[in-house]
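Read-outs: derived from the displayed coordinates by stated rules, not from any lab. Only a predicted model underlies this, so the values are computations on that prediction, with no experimental measurement involved. In this analysis, Cβ positions are derived from the backbone assuming ideal geometry, glycine residues included, and neighbour counts consider all displayed protein chains.
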Amino acid sequence: MNKAYKFRIYPNTEQNMKFAKTFGCVRFIFNKMLGDKIEYYNETKETLKVTPAQYKSEFEFLKEVDSLALANAQLNLDKAYKNFFRDKAVGFPKFKSKKNNHRRYTTNCVNGNIKLFDGCIILPKIGAVKMKQHRDIPKHYELKSVSVSRTSSGKYYASILFEYEQEVEPVEVKSTIGLDFSMSELYVDSNGVEANYPRYYRRKLDKLRRMSRALSKMKKFSNNWYKHKRKIAVLHEKIANQRKDFLHKQSRQIANAYDLVGVEDLNMKAMSQALNFGKSVSDNSWGMFRTLLKYKLEEQGKYFVTIDKWFASSKLCSKCGSKNDELVLSVREWTCTNCGKSHDRDVNAAVNIGNEAVRIATA
């Protein structure tokens, strides 16, 4: 099994320059290989196989950075290239922009070239970097790789991937719950409890608009422009951290309390575009919540069941099973004509999702 820990790191001035060079070289080699692949394919209609080593004689600066970081850039490109030809809906690989302030590279642990000790992490070509390690690593965990990232606000993080052996025994299902997606509350469960999502982005939207308006009036690329842009990035990062903290806590509570959880397999991107709810969907981060909930359940031997998006969870009566085909999205409460049961739309949907999840798990 694999598990990743993300720690904040504090490089000094020299290490900061080395990280910047590594980010730049990774971006350069990715774009260079992608450009050569495109040119070769247009001429021959065949796929060109390239490696970073082929470019080091021409571009000497590539020898100054971690070779494994360049190799991982090649692997990422090859994967994206193959995914496109296998499924055109994925989209063709795009060139990496120098203007993107969020930068990242990945390196692998080979022959102990990456080590953790006394609040530091040793990275290839970088050296020992101070790190804020907020939790201990079990001794039987084996370090596999490290992804170093720099956020738009200028903070550095090291996401460390470990591999470990652990047999997870499936638990006996005694408690189940269904979760129905809610645009305003994140979800409503089959017990009628709402998540009460604080909507962090919406609460800061007016402030973000004022700051963006002030930025637009400043001279571009001036010192004040960069300072103000960083303030906006810091605020966005705070919103993202608040959201992630809330989702972690909610998913942990559910994972500890229930043995089986059922959710709908919704296409959130299509929903945000079709219904023009882009900001609300992005603020909720339903996809992230599902990801966090899934791994928290699976590491305990519990069950995470996704229900088909075409399952009529809202239109089915959770008591008698009859279907109300005339139910529209604007109707939030309805009464079953067959059994007379009154339903709250979201709670009824969550109950149906929970029942369907049990049926799938026991089939």
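Observations on the model:
- Take every DSSP beta bridge whose two residues both sit in the chain; close to 80 percent of them are antiparallel.
- Relative to the longest principal axis of the Cα atoms of the chain, the long axis of helix 345-362 lies at roughly 80 degrees.
- Stretch gain in nm, segment TYR5-LYS204, where the contour uses 0.36 nm per residue and the Cα spacing is subtracted: 68.8 nm
- Given +1 at the Cβ of Lys and Arg, -1 at the Cβ of Asp and Glu and no other charges, the dipole of the stretch 1-71 around its Cα centre is 460 debye to the nearest 20.
- Cα long-axis angle, helix 286-298 against the chain (0 to 90 degrees, to the nearest 10): 90 degrees
- Against the chain, whose longest principal axis is taken from its Cα atoms, helix 13-44 shows a tilt of about 80°.
- For the stretch 293-335, the set of GluC sites (Glu not before Pro) satisfying both a DSSP loop assignment and a count of at most 12 other C-beta atoms within 10 Å is given as GLU326.
- Within the stretch 1-69, the chymotrypsin sites (Phe, Trp or Tyr not before Pro) that combine a DSSP coil assignment with at most 14 other C-beta atoms in a 10 angstrom radius are PHE59.
- Cα gyration tensor shape for the stretch 212-283, rounded if a/c is under 1.5, else prolate or oblate: oblate
- Whole-Å distance, taken between Cα centres, linking the stretch 76-112 and the stretch 2-19: 20 Å
- Overall form of the stretch 176-362: prolate. Here a/c, set by the Cα gyration tensor axes a ≥ b ≥ c, is 1.5 or more, and a/b is the larger of a/b and b/c.
- When cysteine pairs in the chain are screened for C-beta atoms closer than 4.7 angstrom, the residues that find no partner are CYS25, CYS109, CYS120.
- ARG359-SER282 FRET efficiency (beta carbon distance; Förster radius 41 Å; 0.05 resolution): 0.80
- Whether the chain is rounded, prolate or oblate, judged on the alpha carbon gyration tensor where a/c under 1.5 counts as rounded: prolate
- Part-to-part distance (alpha-carbon centres) for the stretch 300-363 and the stretch 189-237, which is given in Å: 37 Å
- Less than 5 angstrom separates the built amide H of LEU316 from those of ASN324, all sequence-distant by 5 or more or on a different chain.
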